[in-house]
Amino acid sequence: MTTNNTVKTNSAKAWLLAARPKTLTGAAVPVLLGAMAAYLDANNEIRPLPIVFCFLFAFVMQIDANFVNDYFDFIKGNDNEKRLGPERACAQGWITPAKMKRALYLTTLIACIIGLPLIYFGGWPTIFVGLICVLFCFLYTTHLSYKGMGDVLVLVFFGLVPVYGTYLLALPSPSFSISVEALVLSLSCGLVIDTLLIVNNFRDIDNDIEAGKRTLAVRLGLDRTLQLYLLSGLLAISLSGFVFILKGHYFSFVLSLLYLPLHFKTFGLMKSIRRGKALNAVLGKTAANITVYGVATAIGMCIDTLIG
């Protein structure tokens with residue numbers, strides 16, 4: 001079977017599209033910043049192996065979350081002809097639902113296997129954290145996104161868990177001490193990545209109201225969701241910038257500022273488009289902004305480490 005847009009059902013191209021490779025930025029940036037936070041504190045004594053496992057776990061879990069979202073939204077009938085967002089694999093016929101269901105269980109298993117070696121570096125608590133990640137991967141699409149919990153979950157699972165978790169595991173010896181800088185960076189990263197969800201929910205307000213999804217955007221409305229998008233980026237840079245300056249990490253602060261003009265520009269585009277499929281362009285630019293934020297901040301942290 002071949003779909004009308006030349007993607008053969010269950011082909012390699014279909015699976016690549018279903019994995020949504022552009023979303024892997026959201027998986028990579030938190031781990032990168034967590035690793036650099038450890039580098040700032042421990043310099044060349046950081047442990048590279050747990051960082052590698054954290055990257056792999058994050059990548060596979062992101063793909064798993066995409067498969068879960070694709071399958072359950074299709075089953076629930078949310079990916080219908082009214083959908084404004086990017087095309088989804090099951091809805092487009094690229095992947096059959098039965099194959100997608102098997103794939104999401106397989107990626108869950110692979111993520112768990114990848115995460116197992118982290119027990120050696122972080123002890124048994126890493127099992128609990130990993131299981132929580134898997135549990136909420138399913139709960140988000142099936143239940144919590146309907147109750148407006150998505151933004152909170154982004155702060156936790158794209159901020160606190162991957163940034164601070166990677167930071168702790170990368171330190172030269174197991175430690176659960178508190179680092180204010182790493183914690184604030186975790187929150188800042190979560191806020192920046194949440195802008196992606198805000199655009200999604202902003203675009204889908206009308207459809208979500210019809211589907212009974214009480215996202216934060218639905219609760220706030222168009223104008224206040226626009227303000228939320230702008231404020232999330234500003235608050236992220238303000239928080240991390242304050243701590244960077246306090247710690248004397250000036251390059252980290254200055255380079256992180258490269259994100260702001262891009263954020264303002266994307267906000268302006270979002271405000272001018274306001275409704276419809278054209279907002280998908282804002283989605284792509286927001287993902288690019290997240291990449292710039294992560295790479296620029298990481299470079300600044302590296303320079304601060306080298307000159308410190």
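The values are calculated or read from the model by the stated rules, or taken from the named source; none is laboratory data. Predicted, not measured: the structure shown is a model, and the values here were computed from it. Neighbour counts run over all protein chains shown; Cβ positions are idealised from the backbone, glycine included. All accessible areas refer to the heavy atoms of the entire protein, side chains included, with ligands and DNA or RNA removed. Shrake-Rupley method; radii C 1.70, N 1.55, O 1.52, S 1.80 Å.
Of note:
- Flag if S179 is more than 12 Å from the chain's Cα centre (by Cα), of a type in the set (S, T, N, Q) and under 21 Å from A211 (Cα atoms): no
- Among the residues listed as L279, L239, the single one being over 18 Å from the mean Cα position of the chain (by Cα), surrounded by 14 or more Cβ atoms within 10 Å (Cβ to Cβ), within 23 Å of S145 (Cα to Cα) and not acidic (D, E): L279
- For the range 242-272, filtering for residues that are under 22 Å from the mean Cα position of the chain (by Cα), surrounded by fewer than 22 Cβ atoms within 10 Å (Cβ to Cβ) and of a type in the set (A, V, I, L, M) leaves 5.
- Restricting attention to the range 139-162, the residues that are surrounded by fewer than 22 Cβ atoms within 10 Å (Cβ to Cβ) and either among the basic types (K, R) or in contact with a Pro (Cβ under 6 Å, 6 or more places away or on another chain) (or both) add up to 1.
- Applying the condition of being in a helix (DSSP H, G or I), among the β-branched types (V, I, T) and surrounded by fewer than 24 Cβ atoms within 10 Å (Cβ to Cβ) to the range 163-196 and asking which residue is modelled with the highest pLDDT yields V184.
- Contact map, the range 191-219: first residue hydroxyl-bearing (S, T, Y), second residue at pLDDT below 90, Cβ cut-off under 6 Å, separation 6 or more or different chains; pairs are T215/G148; T215/D208.
- For the range 12-38, a residue qualifies if it is modelled with pLDDT of 90 or more and either closer than 22 Å to L168 by Cα or in a loop (DSSP other than H, G, I, E, B) (or both), and the qualifying residues are A27, A28, V29, P30, V31, L32, L33, G34, A35, M36, A37, A38.
- Residue in the range 269-277 that is in a helix (DSSP H, G or I), within 26 Å of Y39 (Cβ to Cβ) and modelled with pLDDT of 95 or more present: no
- Filter pass, V129 being open to solvent by 20 Å² or more (accessible area, probe 1.4 Å), β-branched (V, I, T) and not in a loop (DSSP other than H, G, I, E, B): yes
- The lone criterion from (1) more than 16 Å from L56 (Cα to Cα); (2) surrounded by 22 or more Cβ atoms within 10 Å (Cβ to Cβ) left unmet by G115 is number (1).
- R88 being in contact (Cβ under 8 Å) with a residue 12 or more places away in the chain and surrounded by 21 or more Cβ atoms within 10 Å (Cβ to Cβ): yes
- Residues located in the range 39-49, provided they are among the hydrophobic types (A, V, I, L, M, F, W, C), over 17 Å from F251 (Cβ atoms) and in a helix (DSSP H, G or I): A42, L49
- For the range 208-236, the candidate set comprises residues that are within 25 Å of V184 (Cβ to Cβ) and open to solvent by 90 Å² or more (accessible area, probe 1.4 Å); within that set, the residue that is farthest from the chain's Cα centre (by Cα) is Q227.
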